[in-house]
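Contents: one structure, followed by commentary.
The values are calculated or read from the model by the stated rules, or taken from the named source; none is laboratory data. Since we're looking at a predicted model, the values are computed, not measured. Here Cβ is always computed from backbone atoms with ideal geometry, including for glycine, and neighbour counts include all displayed protein chains. Keep in mind that these areas ignore ligands, DNA and RNA; they rest on the heavy atoms of the full protein, side chains included. Shrake-Rupley method; radii C 1.70, N 1.55, O 1.52, S 1.80 Å.
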Amino acid sequence: MMKIKKILMALAAVGVMTVSTAQAATTPSKITAFDNVLTSDVFSVTATGWSDPAFGDMGWTHKSGWGSFTAKKGQNVTVTLVATDKGIHPGTTIWYRGANDTAPDSYVVDHFYPQNANFAKMKAVTEDTGEALGNIIMKYVAHGYDLDKNTVNDALLKGKKDTVAGKFTVTFKAPYDGAYMFVVGGFNPDANITGDATAIKANHDVNVKVSIK
């Protein structure tokens, strides 16, 4: 009964935030633009940034790291994540931002995001001044998370094992020409993280590599 109550409270909290930011978009603090020169970077994320039980199991925009890249249809794209701290299980979601996405790519829909779905807002405005931005249309492409030594195997979130805990790799063929955006965060950290009040609140480094061929 307590678990159900907590879930309902978390969903209610998400509902309130959805209403309060009805048409307001937000900007990640940093979006790394990957290309054939810049192929790797270190993202600073929280242990539950990609899926937080306290937030209806959705991802937190400002507790995750963000990247972008451009690809041609049919190219093989590989995103590799390696957490520095033991006990962190990284996850990622990739979206496509095409011609119908008229807002600046520095903006995303809201302070939270779905891991396995489209992410869109029509006639979006800035959250500080209410300035019109256009339409934010982020079309879902791929997602997944590190399942090695992870106590949660969620089929919908596509956990994958590669025998290395803290590492996750997703490879896909680019379905469209143009701009892509992706997010990285932690999912279901180990007990050494959840049992440490400092570690669960702190940011953790995830080494991110993007390959486009």
Distance between region 174-188 and region 49-101 - C-alpha centres, whole angstrom:
5
Name the shape class, rounded, prolate or oblate, that the alpha-carbon gyration tensor gives for the chain, where a ≥ b ≥ c are the square roots of its eigenvalues, rounded holds for a/c under 1.5, and otherwise prolate holds if a/b is larger than b/c and oblate otherwise.
oblate
Of 175-184, 152-161, ordering from highest average Cβ density within 10 Å down gives 175-184, 152-161
Work out the FRET efficiency for VAL152 and GLU131 from their Cβ-Cβ distance, taking R0 = 41 Å, and round it to the nearest 0.05.
0.55
Which stretch or stretches of region 143-176 have amide N atoms under 17 Å from the point lying 7 Å from LYS213's Cα along the Cα→Cβ direction?
169-174
Using a Förster radius of 22 Å, what is the FRET efficiency between ASN118 and ASP177 based on their Cβ-Cβ separation? Nearest 0.05, please.
0.75
Rounded to the nearest 500, what is the 222 nm mean residue ellipticity of the chain from helices alone, with -39500 (n - 2.57) per DSSP H run of 4+ residues and division by all residues?
-4000 deg cm²/dmol
In terms of Cα to Cα distance under 23 Å, which lysines are near enough to LYS161, apart from those fewer than 8 places away along the same chain?
LYS86, LYS149, LYS173, LYS209
Region 80-114 residues near the modelled ASN192 label - backbone nitrogen below 20 Å, point 7 Å along Cα→Cβ:
81-91
Which aspartates and glutamates, if any, have their Cα less than 14 Å from the Cα of LYS160, not counting same-chain residues under 8 positions apart?
ASP146, ASP148
Could you work out what % of the accessible surface of the chain is carbon and sulfur, using a 1.4 angstrom probe and leaving DNA, RNA and ligands out of the count?
58
Only Lys, Arg (+1) and Asp, Glu (-1) charged, at Cβ; the chain dipole about Cα centre in debye
540
With every protein chain present, what is the per residue accessible area of region 32-156 (1.4 Å probe, Å²)?
44
Out of PRO104, GLN75, SER44 - ranked by how far each Cα lies towards the positive end of the dipole of the chain, with unit charges on the beta-carbon of charged residues - the top one is GLN75
HIS89 neighbourhood, Cβ < 10 Å, K/R = +1, D/E = -1, net charge -1
